[in-house]
Amino acid sequence: MALKAVRTSARFPDLSRVPAVDEVGVNERVARFQSRSIKKASKVEALKLVLSMIDLTTLEGQDTPGKVHQLCQKAIHLHDAMPGLPHVAAVCVYPTMVSVAKEALAGHDINIASVATAFPSGMSSLSVKLDDTRMAVAAGATEIDMVISRGAFLAGDLSYVFDEIMAVKEACGDAHLKVILETGELGTLDRVRKASVLAMHAGADFIKTSTGKIEPAATMQVTLVMLQAISDFYRHTGKMIGMKPAGGISTAKLAVHYLVMLRETLGNAWMTPEWFRFGASSLANDVLMQLMKQSTGVYQSADYFSKD
Amino acid sequence: MSAKKNRRIAVAKTYKIYIGGKFPRTESGRYFTLEDKQGNVIANLCRSSRKDFRNAVVAARKAQPGWAKASAYLRGQILYRTAEMLEGRREQFVAELVLQASTQRAAEQEVDLSIDRLIYFAGWTDKYQQVFSAVNPVNSSHFNFSVLEPTGVVSMLVPDSSSLLGLISNVAPAIAGGNTCIALASESKPLCAVSFAEVLHAADVPGGVVNILTGFRSELTEFFASHMDVNAVIYCDGGKAVAKTVQELAANNIKRVIARSRMDWSGDAENPYLIRDTQEVKTTWHPIGN
């Protein structure tokens, strides 16, 4: 299917210039990040930063307005017993739940992210995907998480993927666009790197690893490759792109490893919720339990924290 | 030729800890050395840290609902199988006890009692509920009954002197009743606890149901008592100071505190009340017509 390019500002990148990924090097680098020792005050600061970067997520077929309401309450009141906590960056829901989230979060500075474009498989026509996107934006979503057409990408139809991202970006209007590569289905780090470059040139504000529906979801390896792609893109164009690893990051310790990787790959400028997010559901409680452990000295139990 | 052949290098065992059905080394990388009376090195053991304990609690918590849901019959079978596995490795345990300054006769007696203790509690798994549950007479139109439910995750500072029998006499009743546990092995005689972990592993006790650490009492007691995700703590040694520490810290989340410091492990511990120690009583009021 031929698509008409809707914006002329984006140009299809020269993918022959995308460097090959050294997988052994990536593994070694990732192992190094995990050996950093972050303790005491720096740990507390890191954990608070993690909290502020979370996109609190519920993406289940069984989601009800009540469940979304509960999630939004959790986003607002992370753990009231501990004063001085930041709130999460956003809640992330399906398009039909955006209006519920909007109502529940009224008056709070928390973004509403919605997945769109026939999430999670992306197996539908462009017009359906665009309608899906417009519907979410009209209902009040300030961020759209789209999925790329992995089938087309793997079949080599890269311009289709490129044009599709551009078209969705157009449909987003003012909403931020996060492009999900679903790295678990791309197979190799080289393809991850290529898809990242494609998405950034097509107008993504964020690139995101996974839907959370496919194993493996986010890993430090793919995230590092994507961060390096963001770094090179910034060097060539001067444009900052955000990063969102999603799925499988459920412990505070692992989240802090990601922050170390972010700091050492992209630097301080990216160390804010504006440029880095965690897509997660159970991560928040683990971070809260670690913060509570730091302040009380006693290991915590999930029994004393609200369910997420 | 044959003399040369026999001079092979003995393969010494690496004593590790047991968390979530796996045998890791301590995350801290520390160890302590066990010596016999002559000062010869018997083994190096993991000196577990509070983080090992934390990891063990996570494993125990994860395993608990599934283990509690397993039928009493199955829990009994698994305990029985543990006894079978221990019987098969009897000589190894006797040798380890002798290595740790026990006499041959005392060692044999302790291992035999340990095997029998497992059989004893295997038999109780599908009986304690009938014995301790009750239908209660009440002065209203209700059918009122009380049943036992496992308290959850139990941390145990098991006896220092009775290193195998004491361990088993604490672990077996707790898991017979559907709890999961974390035990800190005897500090002066830790070998049998690690070998017993291998027995549990071979007997298909699900990973995380029993977790065994080796290390120092003085370092770990406070965490065994204070962890908010532990529902009951058992201590078997120590004077008033230990009792005070454990009880004060356990009050944090109102843990059940079970003192077994005056227990005679060869006789007293063959007792179903040890199962009830780590059970909660749930009473139900069911309306009935007159």
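Amide H to amide H, which residues 5 or more places from B:TYR31 or on other chains are under 5 Å from it, using H placed in the peptide plane?
Residues meeting the amide H criterion: B:ARG47.
Could you run the Karplus curve 6.51 cos²θ - 1.76 cosθ + 1.60 with θ = phi - 60° over the range B:144-161 and give me ³J(HN,Hα) per residue in whole Hz, x for Gly and Pro?
Whole-Hz 3J(HN,Hα) from phi for the range B:144-161: 10, 9, 10, 10, 9, 10, x, 6, x, 9, 10, 9, 9, 9, 7, x, 7, 7.
Residue by residue through the range A:250-258, which ³J(HN,Hα) values in whole Hz follow from phi under the Karplus form 6.51 cos²θ - 1.76 cosθ + 1.60 (θ = phi - 60°), with glycine and proline marked x?
Values per residue, Gly and Pro as x: 10, 10, 4, 4, 5, 4, 5, 4, 4 Hz.
Need one number: the % of Cα-Cα pairs in the range A:20-301 sitting beyond the 23 Å mark.
Counting pairs separated by more than 23 Å, the tail of P(r) holds 51 percent.
Let me know the Kirkwood hydrodynamic radius for the protein assembly as shown, please, with Cα pairs as the basis and the value in Å to one decimal.
One decimal place: 27.4 Å for the Kirkwood radius.
Can you tell me the orientation of helix A:283-296 relative to chain A, as the angle in degrees between its alpha-carbon axis and the longest Cα principal axis, to the nearest 10?
30 degrees
Within 10 Å of each residue's Cβ, count the other Cβ atoms and sort B:ASP160, A:ASP286, A:ASP14 from fewest upward. All intermediate terms of the calculation are to be shown ahead of the outcome.
Values: B:ASP160 18, A:ASP286 22, A:ASP14 9.
By the 10 Å Cβ count, ascending: A:ASP14, B:ASP160, A:ASP286.
Return B:GLU270, A:GLU164 ranked ascending by Cβ neighbour count within 10 Å, so the fewest neighbours appear first.
B:GLU270, A:GLU164
How much of the DSSP beta bridge set in the protein assembly as shown is antiparallel, as a percent to the nearest 5?
So the antiparallel bridges amount to about 30 percent of the total.
Give me the orientation-averaged projected area of the Cα convex hull of the range A:129-264, in nm², one decimal.
Answer in nm², one decimal: 8.3.
Once the Cα gyration tensor of the range A:1-142 is diagonalised, what are the square roots of 5 times its eigenvalues, in whole Å and ordered largest first, as equivalent ellipsoid semi-axes?
31, 29, 13
If you take the charge dipole of chain A about its Cα centre, with +1 on Lys and Arg Cβ and -1 on Asp and Glu Cβ, which of A:PRO273, A:TYR299, A:GLY173 is farthest toward its positive end?
About the Cα centre, the residue reaching furthest to the positive side is A:TYR299.
Straight-line reach from B:LYS244: which lysines have a Cα under 23 Å away, not including same-chain ones fewer than 8 places off?
Leaving aside lysines fewer than 8 places away in the same chain, those within reach of B:LYS244 are A:LYS293, B:LYS255.
For the range A:184-285, what class follows from the C-alpha gyration tensor (a ≥ b ≥ c being the square roots of its eigenvalues): rounded when a/c is under 1.5, otherwise prolate if a/b is larger than b/c, else oblate?
In terms of gyration-tensor shape, oblate.
As a footprinting exposure proxy, order A:ARG235, B:ARG25, A:ARG193 by other Cβ within 10 Å, with the fewest listed first. Mind showing how you got there, number by number?
Details: A:ARG235 8, B:ARG25 15, A:ARG193 23.
With the fewest neighbours first, A:ARG235, B:ARG25, A:ARG193 line up as A:ARG235, B:ARG25, A:ARG193.
With n ≥ 4 as the cut-off for DSSP H runs, can you work out [θ] at 222 nm for chain B, using -39500 (n - 2.57) per run divided by the number of residues, rounded to the nearest 500? Kindly include the intermediate steps, with their values, before the conclusion.
Working: 11 runs with 127 residues, N = 290.
The helix-only estimate for chain B comes to -13500 deg cm²/dmol at 222 nm.
Taking only the Cα atoms of the range B:66-168, how large is their convex hull per residue, in Å³?
Each residue corresponds to 137 Å³ of Cα convex hull volume.
Based solely on its DSSP helices, what 222 nm [θ] is calculated for chain A when runs of n ≥ 4 H residues each add -39,500 (n - 2.57) and the sum is averaged over all residues, nearest 500 deg cm²/dmol? Walk me through the numbers before you get to the answer.
Values: 11 runs with 137 residues, N = 308.
Using -39500 (n - 2.57) per qualifying helix, the result is -14000 deg cm²/dmol.
How high is the FRET efficiency from B:ALA202 to B:ARG90, r the C-beta distance, R0 25 Å, rounded to 0.05?
With R0 = 25 Å, the Cβ-Cβ based efficiency is 0.95.
Under 1.5 on a/c is rounded, so check that first for chain B, then, if it is not, pick prolate when a/b is larger than b/c and oblate when it is not; a ≥ b ≥ c are the square roots of the alpha carbon gyration tensor eigenvalues.
Judged from the Cα gyration tensor, chain B comes out prolate (a/c at least 1.5, a/b above b/c).
Coordinate-derived values only; no laboratory data. Values in this document were obtained by computation on a predicted structure and should not be read as measured data. With ideal geometry, Cβ positions are generated from the backbone for all residues, glycine too; neighbour counts draw on all protein chains shown.
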